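Below is one structure; the comments refer to it alone.
The values are calculated or read from the model by the stated rules, or taken from the named source; none is laboratory data. Predicted model only: the values in this text are computed from it and were never measured. Note that we place each Cβ from the backbone using ideal geometry, even for glycine, and neighbour counts take in every protein chain shown. Please note that ligands, DNA and RNA were not included when accessible areas were found on the heavy atoms of the full protein model with its side chains. Shrake-Rupley method; radii C 1.70, N 1.55, O 1.52, S 1.80 Å.
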Amino acid sequence: VTSYSTKTVSECMNRAEVKTYLAEVRNRTLDRWILPPGIDAGQNVTLRFQLDVGGSATTVSLVKASDNALGASAVDALRAAAPFPPMADRVRCLARVPIIATFTNPVSG
């Protein structure tokens with residue numbers, strides 16, 4: 001079991017390079033998100049996942065969604081968006097850190 005100090009993770013997440021990398025993860029995920037029919041725009045889905053230094057997404061799981069089909073579509077989108085670019089040295093602190101991210105669906109299905 002790997003443990004992460006809150007201070008170390010916080011310092012990592014505050015790096016400009018890490019914020020830029022996570023913005024790319026978010027944008028690529030949103031670009032690939034195909035909503036189930038009848039889902040209204042503007043709903044949130046919270047996912048938990050990890051990234052490795054090569055950009056692969058692992059252990060992608062749904063934390064919270066208003067609708068099971070909406071949640072499954074967000075999981076599918078993140079998996080379809082991966083692999084992301086390999087991590088630069090200053091982003092590697094993010095590797096294998098559990099990430100919990102909330103995505104808002106951009107358009108209706």
- request: Using R₀ = 25 Å, calculate the FRET efficiency as 1/(1 + (r/R₀)^6) where r is the Cβ-Cβ separation of ALA88 and ASP31; round to 0.05.
  value: 0.70
field: Cα long-axis angle, helix 16-32 against the chain (0 to 90 degrees, to the nearest 10)
entry: 20
query: Which percent of the accessible area of the chain is formed by carbon and sulfur heavy atoms (probe 1.4 angstrom)?
result: 52
query: Zone of SER10 (label point 7 Å along Cα→Cβ, backbone N under 19 Å): which residues in segment 78-94?
result: 93-94
message: Nearest 500 deg cm²/dmol is fine: what mean residue ellipticity at 222 nm does the chain get from its DSSP H runs of n ≥ 4 alone, each adding -39,500 (n - 2.57), divided by its residue count?
response: -11500 deg cm²/dmol
- prompt: With all pairs of different alpha carbon atoms counted, what Kirkwood hydrodynamic radius in Å does the chain show?
  reply: 14.3
query: Which loop-located chymotrypsin sites (Phe, Trp or Tyr not before Pro) does segment 1-97 contain, where loop means any DSSP state but H, G, I, E or B and the Cβ has at most 15 other Cβ atoms within 10 Å?
result: TYR4
- prompt: What net charge do the residues around VAL53 carry, taking every other residue with its C-beta under 13 Å from that of VAL53, with Lys and Arg at +1 and Asp and Glu at -1?
  reply: +1
- prompt: Tell me, what is the 1.4 Å probe accessible area of ARG90, in Å² to the nearest 10?
  reply: 120
statement: Projected onto the charge dipole of the chain (unit charges on the beta-carbon of Lys, Arg, Asp and Glu, signs +1, +1, -1, -1), the Cα from PHE49, LEU30, CYS12 with the largest positive-side position is that of CYS12
